[in-house]
Amino acid sequence: MRDKYDIVIVGAGPAGSTTARFAAYAGASVLMLEKDRDIGIPVRCAEGASDAGLRAVLQNIDERWIENRISDVFFHSPGGKMVELQFKQIGYILNRKIFDYDLAQMAAKEGVEVLTKAYVNDLVRENDKIAGVKFAHMGKNFSVRAKLVVGADGVESRIGRWAGIKTQTKMRDMETCAQYTVHDVNLTGDHLHLFFSSKIAPQGYLWIFPKGGGRANIGLGISGDAAAKKAPVCYLNEFMAERFPHASVLNSVAGGVPCDHTLKTIVLDGLMLVGDAAHQVNPVSGGGIVPALVAGQIAGQVAGRAIHNGDVSAKSLQDYPKRWHKAEGRNHQIFYKLKNYINRLTDEELEGIAEAGLKVPLEKRSMITLFKAALVQKPALVLDAIKVFT
Amino acid sequence: MKQLFFDKIAYDRQVCDFCGTCVGVCPQDAIELTEADFTITERCTLCKNCVRVCPLRALEFIDER
């Protein structure tokens, strides 16, 4: 490790590793710091991603990343109705332990230096300018200088805060989650299952993502507001006791997802935020893998060029938020309104939507079908819906 | 249980998953979290966001009435 790099990246998840890879490819010297002892562990994720989404950034999809292929989803209503929808494209359940590891290694192959067990605890400033980071590693304190600092530090997003950006997630937008990876003989079939009900997962949903061979990620996320009354893990334990009382729990994790639109500010002089740290998450699904890859590619390219041009000012980095907005950010703004709409649906309205959805033959059913049914259920929200699609 | 910040908030290391969700909703950036330690600094204004958002209820607000 040197004491000076062009770029220091904090966090080695998909966002950090992808930014690092593209910046190094463009010729920048890059150090990537990860606070955990292992990249990709623990997996705080349901591990779902679409084939098309991954291919937008990754040319080759490695078979080792894929635990299962998914082609349809069953929506479960509060009263127990099941509405099947078929995907237009293939979905994957990934093995993120391998996936994240490989993304970091792809960065390393471009010359990125990676260090784990490196807990970043402050920014270095010189003449009021961001000039690197301070971190603790194996009981010692270090300071490393960099022209550009990238905060890919996930839901905590402290790098941005230290730089003066208000990165805190509002309680109602923080989906707080608990998940078990389980084995159960009754977990057959390769379908996604999503449960919508105020009793199972208020202001959120419960998911079953099958990994094949009787294994699945079963978890749920509810808004921070809803969690004030009862913790996510309590909802999950109740669901498991009722549906899979004999399941073996192979792994349990908790975590938070900023189901928000992208932060207004994601670049400053000498600073970029990427991934969950920038709230680059699909607010409806809570999916963050593909957004992290897309943002990381753009951020890495822009960072690499800024280093090459010798100008890391916010103005020089503006291309990143601009291109991100066009690629995904503007969709996330729409999805954010849609999420707020969905979270306001009552159990009766959800039931009505399921009923209407079931009347449409499977081959003609789509998300639009369900949304039309939702409008009938809640005409008072037609105005909000118009805002969603305009 | 480790009691923090003038004994108002209790932290249970046995329950905590070190996920950082509490850090993400803290309006004061008052939480320092590593697998080795959890600290709430004097910047805390006792808004209780961290207690309410915790997926596992590893934090508890101590009401002393």
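Rule-based calculations on the coordinates, nothing more; no lab input. These figures come from a predicted structure and were not determined experimentally. Every residue, glycine among them, receives a Cβ derived from its backbone with ideal geometry; neighbour counts consider all protein chains shown.
Brief remarks follow.
- A simple charge model with +1 on the Cβ of Lys and Arg, -1 on the Cβ of Asp and Glu and nothing else charged puts the dipole of segment A:194-261 at about 180 debye relative to its Cα centre.
- Computed over the alpha-carbon atoms, chain A gives an Rg to Rh ratio of 0.98, Rh here being the Kirkwood radius from the mean inverse distance.
- Helix A:347-359 and the longest principal axis of the Cα set of chain A meet at an angle near 70°.
- Cross-link reach list, lysines versus residue A:315, counting only Cα pairs under 27 Å and skipping chain neighbours closer than eight places: A:4, A:129, A:134, A:147, A:166, A:264, A:326
- Crossing angle, helix A:330-343 versus chain A [Cα axis fit, 0-90 degrees, rounded to tens]: 40 degrees
- Listed as lacking a disulfide-compatible partner in chain B: B:16, B:19, B:26, B:44, B:47, B:54, by the criterion of no other cysteine Cβ under 4.7 Å.
- Cα-based shape type of segment B:2-61, given that a ≥ b ≥ c are square roots of the gyration tensor eigenvalues and the cut on a/c is 1.5: rounded
- Segment A:46-79 and segment A:165-209 have their alpha-carbon centroids 16 Å apart.
- Restricting segment A:338-372 to trypsin sites (Lys or Arg not before Pro) that sit in a DSSP loop and have at most 14 other Cβ atoms within 10 Å of their own Cβ leaves A:344.
- Inter-chain Cβ neighbour average for residues B:10-21, partner chain, 10 Å: 5
- Taking the Cα centre of segment A:252-390 as reference, the dipole from Cβ charges on Lys and Arg (+1) and Asp and Glu (-1) amounts to some 480 debye.
- Average partner coverage of A:146-158, which counts Cβ from other chains inside 10 Å: 3
- Shielding of peptide B:24-32 by partners, expressed as the average count of other chain Cβ atoms within 10 Å per residue Cβ, is 6.
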